[in-house]
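The values are calculated or read from the model by the stated rules, or taken from the named source; none is laboratory data. All values derive from a computational prediction rather than experimental measurement. Glycine gets a Cβ as well: all are built from the backbone with ideal geometry, and neighbour counts include every protein chain shown. Only protein heavy atoms, including side chains, enter the accessible area calculation; ligands, DNA and RNA are left aside. Shrake-Rupley method; radii C 1.70, N 1.55, O 1.52, S 1.80 Å.
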Amino acid sequence: MDSWLANCIARVSEAADTGGQLAIRGGSSKRFYAGPEQGEPLELAAWQGIVAYEPTELVVTARAGTALSELSATLAAQGQWLAFEPPHFGPTATVGGMLAAGLSGPRRQAVGAVRDFVLGVKLLNGLGEVLCFGGQVMKNVAGYDVARLMAGSLGTLGVLLEVSLKVLPLPVAEKSLRFAIDEATALQQLNQWGGRPLPISGSAWQDGILTLRLSGAAAAVAAAQRTLAGEPVDDAEAVAFWWSLREQTLPFFAGEAPLWRLSLPSLAPPQALGSTLVEWGGAQRWLRGGDARTIRAAAAKAGGHATLFRADDGLKAAAGVFQPLPQPLARIHHRLKHAFDPHRVFNPGRLYPDL
Amino acid sequence: MSMDNTIADLRFAVDRPALIKRLRAVLPASALLAEDEEMRPYDCDGLTAYRQLPLLVTLPENEAQTQAILRICHELHAPVVPRGAATGLSGGATPHPDGVLVSLARLRNIIRVDPLSRTAVVQPGVRNLAVSEAAAPYGLYYAPDPSSQIACTIGGNVAENSGGVHCLKYGLTVNNVLRVRGLTIAGEIVEFGNAALDAPGYDLLALINGSEGLLAIITEVTVRLTPKPELAQVVIASFDDVRRAGDAVAGIIAAGIIPAGLEMMDRKAVQAVEPYVQAGYDMDAEAILLCESDGTAEEVAEEVGRMTAVLEKSGASAFCVSRSEAERLKFWAGRKAAFPAVGRMTPDYLCMDGTIPRKHLAKMLEAIAALSGKYALRCANVFHAGDGNLHPLIMYDANQPGELERAMAFGAEILELSVRLGGTITGEHGVGIEKIMLMAEQFSIAEISTFHRLKAAFDEHGLLNPGKGVPTLARCREYTLARAGTAPVASSSPRS
């Protein structure tokens with residue numbers, strides 16, 4: 001066995017035996033996200049490399065420590081990509097961290113989230129066992145779908161070692177359009193467009209401006225552009241805009257005010273809770289500042305939930321990062337944690353304080 | 001009829017009279033069946049080789065009655081087996097001799113179709129096709145389309161994570177369901193997912209999809225609806241060699257095309273289907289490919305042009321493009337009727353469901369041809385070529401001594417090879433009881449143990465659909481020992 005992996009297993013076993021805790025680290029690009037890191041760092045950056053990639057199979061398998069930028073470059077060379085546009089939040093972002101954080105970019109509403117593209121994982125559980133779930137094929141219903149369960153589990157169930165992902169061809173053509181409309185009209189319009197066969201691959205409303213992205217075959221993009229009208233955005237400017245949106249470098253995201261992420265039914269009305277940026281056709285809304293209790297109550301009332309995405313540790317501890325779970329689900333979470341990591345070795349408190 | 005299969009591994013001492021008395025108190029008379037003759041129609045699902053009478057059959061009309069049934073079963077420690085339309089092919093709804101079969105067929109209301117948010121809220125007993133029919137006036141449809149879509153229900157689709165012929169582009173059930181409301185075995189109401197695109201905490205919605213009724217009972221599902229494309233066209237290409245057809249599939253993907261559907265049928269499958277459906281397939285071909293493009297008229301014209309160029313270059317001996325929606329549906333009707341068409345040619349057949357990396361297609365088809373000779377049984381192949389999911393249909397006659405056992409051994413060898421080629425024993429039909437022993441081929445003891453612990457997180461006492469999906473550790477060891485001795489092993493021996 002590879003010495004890195006043998007050492008990793010030994011550390012996990014030792015922690016399990018001695019009541020130790022491990023903080024799993026990929027590139028630490030998303031350390032700001034979720035609960036605070038606790039325990040001895042377990043670095044994955046050395047566990048890197050693309051294990052298998054055959055473009056005609058539409059599947060890539062990479063070790064968890066592989067840089068997301070390296071993976072993207074390898075795929076791009078073959079005209080393919082991760083279609084859910086995962087945010088990197090820094091040059092050190094890794095494949096494992098991407099899956100553990102479970103975050104998806106502007107294309108999420110059109111193509112699906114990280115979890116929709118995960119085909120298989122190899123992981124190390126809290127008993128020091130190396131386990132494989134899912135595989136390298138598109139369709140697989142043998143056993144529970146543990147691979148998808150890893151998306152957004154924030155390393156609390158095990159150390160991700162290898163990830164297999166479905167990849168797709170890069171879009172042939174892209175065009176962005178702008179519309180000057182208010183939030184309520186934008187939400188209505190986005191939902192109406194969503195019900196028509198239009199190649200919409202991204203939407204962002206802020207401050208009276210809706211930016212819309214069309215992607216697909218050249219003919220389809222051109223036809224949709226004619227149908228929707230809207231003011232065309234310069235192509236280079238558009239690429240920069242969608243990148244900055246994904247990486248949260250737009251001015252909206254600057255400054256120290258807490259950043260909330262509201263995941264709502266796309267039809268939920270404007271929440272009037274403060275400065276807002278709407279994405280995903282209305283299903284994801286970013287909010288700066290505001291009272292935690294009011295925000296959580298509003299999100300729940302609208303049929304969704306709110307995450308304290310960026311804030312200082314004090315506010316995170318006081319307000320909680322993720323919306324609290326109803327009782328039966330909280331109990332299932334604890335038992336699932338126990339099924340994978342009975343000695344509570346991995347990332348304690350990262351998802352919920354008592355998990 | 002006695003059975004030697006994995007259901008009987010787990011027996012429960014249930015006080016039947018006490019159970020009947022308690023259930024009578026909470027259910028209308030028509031919702032409880034206890035006589036053998038009235039329970040007989042429920043003794044199997046689509047895996048008809050296995051039949052078993054349950055202890056009782058219940059037919060709740062709503063969530064409250066379902067909840068009451070579960071509370072009583074939980075309290076009296078009686079197993080529960082959920083059932084939708086029983087079209088499943090892996091025995092996921094085969095009754096348990098000590099258990100209560102809970103048919104959810106009467107929960108069949110479409111609660112709401114919301115065209116603006118492109119969602120539908122439906123009860124589990126609503127048929128797959130009925131969702132698309134209800135959404136059609138709004139230009140929307142429900143994308144996953146298993147071949148049984150006329151009859152199969154949404155609850156069953158979620159339980160099996162059903163696929164269909166358009167998965168590569170539009171995803172499986174798991175990719176098209178936003179929320180599942182259900183009941184734990186203890187009768188607690190739980191909601192996995194919500195009307196938004198994600199939910200806090202672990203992705204339990206992903207676990208419920210494909211959990212084969214082992215984790216929760218589904219009472220309501222919110223599905224995502226998809227705008228109907230402006231136009232869809234299908235290209236049918238004939239090949240005089242299956243290897244060339246396989247290369248054409250790779251060629252289409254390599255050209256950056258994600259077809260809306262990409263299906264392959266071999267000569268035997270075409271010869272079964274064509275006289276039955278008159279779909280217009282080439283009876284002389286060794287293999288045919290159905291390759292669908294959808295989108296705007298401009299997009300389809302462009303893509304069909306690129307597809308036909310690839311097909312031509314790959315050595316297609318002939319091809320034609322559907323000229324109307326009626327013709328497109330006729331072309332698909334042949335593919336969707338493949339199972340019943342093969343059923344006309346043989347008293348019985350077993351349908352396999354392995355998935356392999358596409359590049360191994362030719363190797364697999366050659367192996368199947370060899371096995372067909374070895375076991376002296378005919379086999380037709382239909383193949384979701386786009387996603388590598390193969391459905392060999394092994395023909396046999398259960399009335400001929402030893403044929404069923406030969407068919408099972410043939411199937412097991414195909415699935416073992418699927419695993420060796422880097423694939424899986426089941427792409428979309430589920431494990432159920434049919435493939436439960438083969439789980440030990442694909443998973444280690446540590447992985448199987450993880451599945452058991454995962455189930456216990458939802459169902460501590462193992463009352464939901466026992467004996468399905470995941471083999472006991474004792475069965476795994478038995479399988480491993482048998483493999484070390486006289487390979488291959490049939491998935492389990494069906495009846496004595």
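When you scan the stretch B:441-461, how many residues do you find that are open to solvent by 20 Å² or more (accessible area, probe 1.4 Å) and either over 24 Å from B:Asp353 (Cα atoms) or in contact (Cβ under 8 Å) with a residue 12 or more places away in the chain (or both)?
11
Starting from residues that are at the interface with chain A (Cβ under 8 Å from one of its Cβ atoms) and not in a strand (DSSP E or B), keep the ones in the stretch B:226-250 and report whichever is farthest from B:Ala120 (Cα to Cα).
My answer is B:Ala250.
Among the residues of the stretch B:172-188, which ones are within 19 Å of A:Arg148 (Cβ to Cβ), facing chain A (nearest Cβ under 10 Å) and either aliphatic (A, V, I, L, M) or in contact with a strand residue (DSSP E or B) (Cβ under 6 Å, 6 or more places away or on another chain) (or both)?
B:Leu172, B:Val174, B:Asn176, B:Leu178, B:Arg179
Mind listing whichever residues of the stretch A:140-150 are open to solvent by less than 10 Å² (accessible area, probe 1.4 Å) and under 16 Å from the mean Cα position of the chain (by Cα)?
A:Ala147, A:Leu149, A:Met150
Output the residues belonging to the stretch B:93-120 that are out of contact with any Pro (no Cβ under 9 Å at 6 or more places or on another chain), within 13 Å of chain A (Cβ to nearest Cβ) and open to solvent by 10 Å² or more (accessible area, probe 1.4 Å).
B:Arg112, B:Asp114, B:Leu116
Contact list please: Cβ distance under 7 Å, first residue in the stretch A:215-228 and within 12 Å of A:Ser201 (Cβ to Cβ), second residue among the aliphatic types (A, V, I, L, M) and assigned to a helix (DSSP H, G or I), pairs at least six apart or on different chains.
A:Ser215/A:Val221
Quick one: in the stretch A:338-355, which of the residues that are out of contact with any strand residue (DSSP E or B) (no Cβ under 9 Å at 6 or more places or on another chain) and open to solvent by less than 50 Å² (accessible area, probe 1.4 Å) is farthest from the other protein chains (Cβ to nearest Cβ)?
It comes out as A:Gly349.
Looking at the structure I just gave you, is B:Ala196 facing chain A (nearest Cβ under 10 Å), in a loop (DSSP other than H, G, I, E, B) and more than 13 Å from the chain's Cα centre (by Cα)?
The answer is yes for B:Ala196.
Quick test for you: out of A:Leu154, A:Leu131, pick the one residue that is of a type outside the set (S, T, N, Q) and part of a loop (DSSP other than H, G, I, E, B).
Exactly one of A:Leu154, A:Leu131 is of a type outside the set (S, T, N, Q) and part of a loop (DSSP other than H, G, I, E, B), namely A:Leu154.
Among B:Glu327, B:Glu312, B:Glu366, B:Glu303, which is the only one that is farther than 19 Å from B:Gly46 by Cβ and within 14 Å of another protein chain (Cβ to nearest Cβ)?
B:Glu303
From A:Leu214, A:Leu245, A:Leu250, A:Leu287, grab the single residue that is in contact with a strand residue (DSSP E or B) (Cβ under 7 Å, 6 or more places away or on another chain) and either of a type in the set (S, T, N, Q) or closer than 24 Å to A:Pro91 by Cα (or both).
A:Leu245
Does the stretch B:404-426 hold any residues that are crowded, with 20+ Cβ neighbours inside 10 Å, away from every other protein chain (no Cβ under 14 Å) and not aliphatic (A, V, I, L, M), and which are they?
Across the stretch B:404-426, the qualifying residues are B:Phe410, B:Gly411, B:Glu413.
Please work out which residue is surrounded by the fewest Cβ atoms within 10 Å (Cβ to Cβ), limiting yourself to the stretch A:318-335 and to residues that are more than 26 Å from B:Ala186 (Cα to Cα) and without any contact (Cβ under 8 Å) to a residue 60 or more places away in the chain.
Going through the qualifying residues, I end up with A:Ala318.
Quick one: B:Ala440 ticks every box in (1) in a helix (DSSP H, G or I); (2) at the interface with chain A (Cβ under 7 Å from one of its Cβ atoms) bar one, so which box is it?
Of the numbered conditions (1) in a helix (DSSP H, G or I); (2) at the interface with chain A (Cβ under 7 Å from one of its Cβ atoms), the odd one out for B:Ala440 is (2).
Step by step: first the residues of the stretch A:174-210, then only those that are open to solvent by less than 20 Å² (accessible area, probe 1.4 Å) and more than 22 Å from A:Ala268 (Cα to Cα), then the one that is nearest to the chain's Cα centre (by Cα). Which residue is that?
Of everything passing the filter in the stretch A:174-210, A:Ser176 is nearest to the chain's Cα centre (by Cα).
Among (1) part of a helix (DSSP H, G or I); (2) modelled with pLDDT under 95, there is one condition B:Gly256 misses while meeting the rest; what is its number?
(1)
What are the residues in the stretch B:306-332 that are within 28 Å of A:Arg196 (Cβ to Cβ) and open to solvent by 40 Å² or more (accessible area, probe 1.4 Å), if any?
Residues satisfying the conditions are B:Arg306, B:Val321, B:Arg323, B:Ser324, B:Glu325, B:Ala326, B:Leu329, B:Lys330.
Given the conditions (1) open to solvent by less than 20 Å² (accessible area, probe 1.4 Å); (2) within 17 Å of the chain's Cα centre (by Cα); (3) at pLDDT 95 or above; (4) facing chain A (nearest Cβ under 7 Å), which single one is not true for B:Cys167?
(3)
Taking the conditions exactly as written (within 9 Å of chain B (Cβ to nearest Cβ) and within 21 Å of the chain's Cα centre (by Cα)), does A:Gln323 satisfy them or not?
Criteria met by A:Gln323.
Among the residues of the stretch B:266-298, write down those that are under 22 Å from B:Ala326 (Cβ atoms) and in a loop (DSSP other than H, G, I, E, B).
B:Gln278, B:Ala279, B:Gly280, B:Tyr281, B:Asp282, B:Met283, B:Thr296
If B:Ile394 satisfies all but one of (1) open to solvent by 10 Å² or more (accessible area, probe 1.4 Å); (2) closer than 20 Å to B:Val270 by Cα, what's the number of the condition it fails?
Here B:Ile394 clears every test but (1).
Among the listed residues A:Phe89, A:Phe84, which satisfies the condition of being touching an Asp or Glu at 6+ places or on another chain (Cβ under 9 Å), over 27 Å from B:Gly423 (Cβ atoms) and among the hydrophobic types (A, V, I, L, M, F, W, C)?
A:Phe89
State whether the residues of the stretch B:227-234 include one that is surrounded by 22 or more Cβ atoms within 10 Å (Cβ to Cβ) and in contact with an Asp or Glu (Cβ under 6 Å, 6 or more places away or on another chain).
Among the residues of the stretch B:227-234, at least one is surrounded by 22 or more Cβ atoms within 10 Å (Cβ to Cβ) and in contact with an Asp or Glu (Cβ under 6 Å, 6 or more places away or on another chain), which makes the answer yes.
For the stretch B:146-165, which positions are closer than 16 Å to B:Asp353 by Cα and not in a helix (DSSP H, G or I)?
Within the stretch B:146-165, B:Pro146, B:Ser147, B:Ser148, B:Asn161, B:Ser162, B:Gly163, B:Gly164, B:Val165 qualify.
Is there any pair with a first residue in the stretch B:4-28 that is exposed (fewer than 13 other Cβ atoms within 10 Å of the Cβ) and a second that is part of a helix (DSSP H, G or I) whose Cβ atoms are under 9 Å apart and which are 6 or more apart or on different chains, and what are they?
Listed pairs, sorted by first residue: B:Ala25/B:Ala68; B:Ala25/B:Ile72; B:Pro28/B:Gln65.
Filter the stretch B:470-490 down to the residues that are within 26 Å of B:Thr48 (Cβ to Cβ), open to solvent by 10 Å² or more (accessible area, probe 1.4 Å) and part of a loop (DSSP other than H, G, I, E, B) and list them by number.
B:Val470, B:Thr472, B:Pro488, B:Val489, B:Ala490
Check the stretch A:80-97 and report whether any residue there is surrounded by 24 or more Cβ atoms within 10 Å (Cβ to Cβ), in a helix (DSSP H, G or I), at pLDDT 95 or above and within 11 Å of chain B (Cβ to nearest Cβ).
Within the stretch A:80-97, not a single residue is surrounded by 24 or more Cβ atoms within 10 Å (Cβ to Cβ), in a helix (DSSP H, G or I), at pLDDT 95 or above and within 11 Å of chain B (Cβ to nearest Cβ).
What is the residue count in the stretch A:300-317 for residues that are in contact with a Phe, Trp or Tyr (Cβ under 8 Å, 6 or more places away or on another chain) and either open to solvent by 20 Å² or more (accessible area, probe 1.4 Å) or assigned to a helix (DSSP H, G or I) (or both)?
The number of residues fulfilling the criteria is 1.
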